[in-house]
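For reference, the structure is listed below as structure tokens.
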Amino acid sequence: MQSGTAPGMWPRFKAKFIGDRAFYKMALILVIPVIVQNTVTNFVNLLDNVMVGSLGTAHMSGVSIANHLMFVFNLSIFGALSGAGIYGAQLAGAKDWSGFRETLRFRLYVSIAITGLAAIIFTTWPVQLLSLYLAGEGNPADSAAMLDYGIRYLRIMLWGLVPFALSQSYSSALREAGETVLPMRATIIAVFVNLFFNYVLIFGKLGFPAMGVEGAALGTVISRVAELLVVAVVAHRNLDRFPFLQGLYRSARIGKNLARNIMVKGMPLFVNEFLWSSGMATMTQILSTTGLAVVGALNIAYTFTNLFGVFFFSFGTAVAILVGQSLGAGDEELAKAQVWKLMFFAVSIASVLGVILAITAGWITQIYNTEVEVRRLAAAFMQATAFCMPFQAIANCSYFAIRSGGKTLLTMAFDSIYVWAVCVPYTYALVAFTGLGIEAIYPLSQVVHPLKAILGLVMVSSGRWARNLVSDHVQTSA
């Protein structure tokens with residue numbers, strides 16, 4: 001009986017999980033620019049990290065904890081834009097550029113509002129927020145130095161909030177319209193601007209003063225202004241390619257129904273990204289209480305795992321765009337089929353990258369000018385994360401599939417509520433009640449990823465997430 005059924009397994013597997021050449025060409029056209037963009041960004045972040053780290057562990061850790069706060073802001077912007085992005089992708093699929101223009105206006109408004117709120121928080125309570133990460137065992141003088149460097153860095157980084165928010169508004173709209181190359185070019189230019197100014201301002205080259213961590217922050221701010229100028233100026237000079245930019249600023253109009261729908265779908269996504277990013281920052285804070293050396297080690301580990309993760313996390317963009325456009329065009333079955341093929345591709349890549357990271361973790365930490373203990377812990381953290389990369393790829397594709405169909409409350413439950421209901425309490429329990437060392441706690445904290453992957457597979461398999469959200473809007477516009 002087994003010999004009779006086995007030959008039929010491969011065709012079924014291939015039909016479900018492997019696409020044809022045209023499908024992969026379409027997906028890679030979308031994904032490769034995003035991969036290049038994010039890889040260059042993360043690689044330059046790595047170089048920045050190494051440059052700051054060469055100043056000393058306190059400098060590197062101070063910048064790291066400040067960037068945890070910036071991470072929450074960045075993800076909040078991403079979440080705020082996501083609601084408009086759901087409708088933007090589907091309206092692009094339906095070729096409704098008038099409605100698409102209104103989604104871009106919505107992005108601009110909401111991103112400015114969030115930026116103002118973030119600026120108030122970061123200027124009012126910087127010491128209190130940064131001090132949360134410095135409660136671990138260690139030299140009090142080191143803790144004070146980390147706090148000082150973190151505050152210096154954060155104060156200058158505040159000037160980059162507005163250009164970052166605006167450039168993300170433009171870039172997200174362009175990607176959903178199918179244009180991924182321009183945002184990629186803008187980001188690549190920005191990261192090399194960042195690399196140049198960080199080098200000359202951190203170390204005082206080419207006649208510039210040596211500003212240390214403040215030079216790193218100023219270089220980042222300059223790069224964010226450059227990114228905004230490139231993406232906005234080039235896009236507005238090509239109105240024939242981007243018709244949704246015509247008359248963008250001639251009116252402030254956003255249709256009531258569309259605005260209400262975006263708010264209904266978008267508010268859970270904004271809350272989700274805020275809660276998810278703050279949850280991840282909280283988990284880092286909990287782990288950091290095990291010792292000041294852990295702060296530096298986590299910074300190094302996150303830098304490299306983010307660099308490796310770019311290659312499979314970027315497939316979330318392909319899921320959001322391809323599946324969203326298929327749903328907007330009314331082809332729900334095609335959308336469901338695309339998710340499985342993209343997910344299998346992402347998992348395959350994540351598995352290979354996980355093996356490479358696990359093998360090279362001990363070697364790559366040697367580029368840092370920091371204590372042996374910090375490097376040893378960083379390598380152990382990276383090896384634990386490497387094992388979970390395929391599960392993270394599944395969860396990531398599941399997240400974007402559920403989101404593309406407008407199931408934002410389910411998306412929120414799957415993502416941020418999972419973090420706060422499972423990950424944060426579990427991590428806290430490991431640190432507070434087990435008496436284990438960080439070498440055992442960190443790998444145990446990663447077992448939340450396989451569980452989340454299983455939940456994602458169940459949700460995607462149900463198919464209930466696949467819905468066309470814009471058919472009524474398109475009919476009204478017509």
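Within region 70-107, being under 11 Å from residue 176 (Cα atoms) and not hydroxyl-bearing (Ser, Thr, Tyr) holds for 84, 85, 86, 88, 89, 90, 91, 92, 93, 100, 104.
Of these, 189, 121, which one is within 30 Å of residue 287 (Cα to Cα) and surrounded by fewer than 19 Cβ atoms within 10 Å (Cβ to Cβ)? Just one listed residue meets the conditions, 121. Considering the conditions (1) free of Cβ contacts under 8 Å to residues at least 40 places away in the same chain; (2) among the aromatic types (Phe, Trp, Tyr); (3) buried (at least 24 other Cβ atoms within 10 Å of the Cβ), residue 315 is excluded by exactly one of them, (1). Cβ-Cβ contacts under 9 Å between residues 6 or more apart (or on different chains), taken from a first residue in region 345-367 that is within 11 Å of residue 394 (Cα to Cα) to a second residue that is of a type in the set (Ser, Thr, Tyr) and in a helix (DSSP H, G or I), are listed as 345/24. Residue-level check: of (1) touching a residue at least 24 places away in the same chain (Cβ under 8 Å); (2) touching a Gly at 6+ places or on another chain (Cβ under 7 Å), residue 201 misses just (1). The set of residues from region 314-330 being modelled with pLDDT of 80 or more, under 14 Å from the mean Cα position of the chain (by Cα) and of a type outside the set (Gly, Ala, Ser) comprises just one member, 315. Taking the numbered list (1) small (Gly, Ala, Ser); (2) under 22 Å from the mean Cα position of the chain (by Cα); (3) within 24 Å of residue 45 (Cα to Cα); (4) surrounded by fewer than 24 Cβ atoms within 10 Å (Cβ to Cβ) in turn, residue 348 passes all entries but (3).
All of (1) touching a residue at least 12 places away in the same chain (Cβ under 8 Å); (2) part of a helix (DSSP H, G or I); (3) surrounded by fewer than 23 Cβ atoms within 10 Å (Cβ to Cβ); (4) of a type outside the set (Ser, Thr, Tyr) hold for residue 330 with one exception: (2). Kindly indicate whether any position in region 97-114 is surrounded by fewer than 19 Cβ atoms within 10 Å (Cβ to Cβ) and β-branched (Val, Ile, Thr). So far as region 97-114 goes, yes, one or more of its residues are surrounded by fewer than 19 Cβ atoms within 10 Å (Cβ to Cβ) and β-branched (Val, Ile, Thr).
Rundown of residues vs (1) in contact with a Gly (Cβ under 7 Å, 6 or more places away or on another chain); (2) of a type outside the set (Lys, Arg), yes/no style:
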position	(1), (2)
20	no, yes
25	no, no
28	no, yes
32	no, yes
39	no, yes
56	no, yes
60	yes, yes
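If you go through region 391-437 and keep only what is surrounded by 23 or more Cβ atoms within 10 Å (Cβ to Cβ) and farther than 19 Å from residue 273 by Cα, you end up with just 427. Within region 80-117, the set of residues being polar (S, T, N, Q) and touching a residue at least 60 places away in the same chain (Cβ under 8 Å) comprises 82, 90, 98, 103.
Considering each of 179, 102 in turn, give the residue that is within 30 Å of residue 261 (Cβ to Cβ), of a type in the set (D, E, K, R) and not in a helix (DSSP H, G or I). Result: 179 is the single residue among 179, 102 that is within 30 Å of residue 261 (Cβ to Cβ), of a type in the set (D, E, K, R) and not in a helix (DSSP H, G or I).
The values are calculated or read from the model by the stated rules, or taken from the named source; none is laboratory data. Because the structure is a prediction, the values reported are computed rather than measured. No Cβ is skipped: glycine too gets one built from the backbone with ideal geometry, and neighbour counts run over all protein chains shown.
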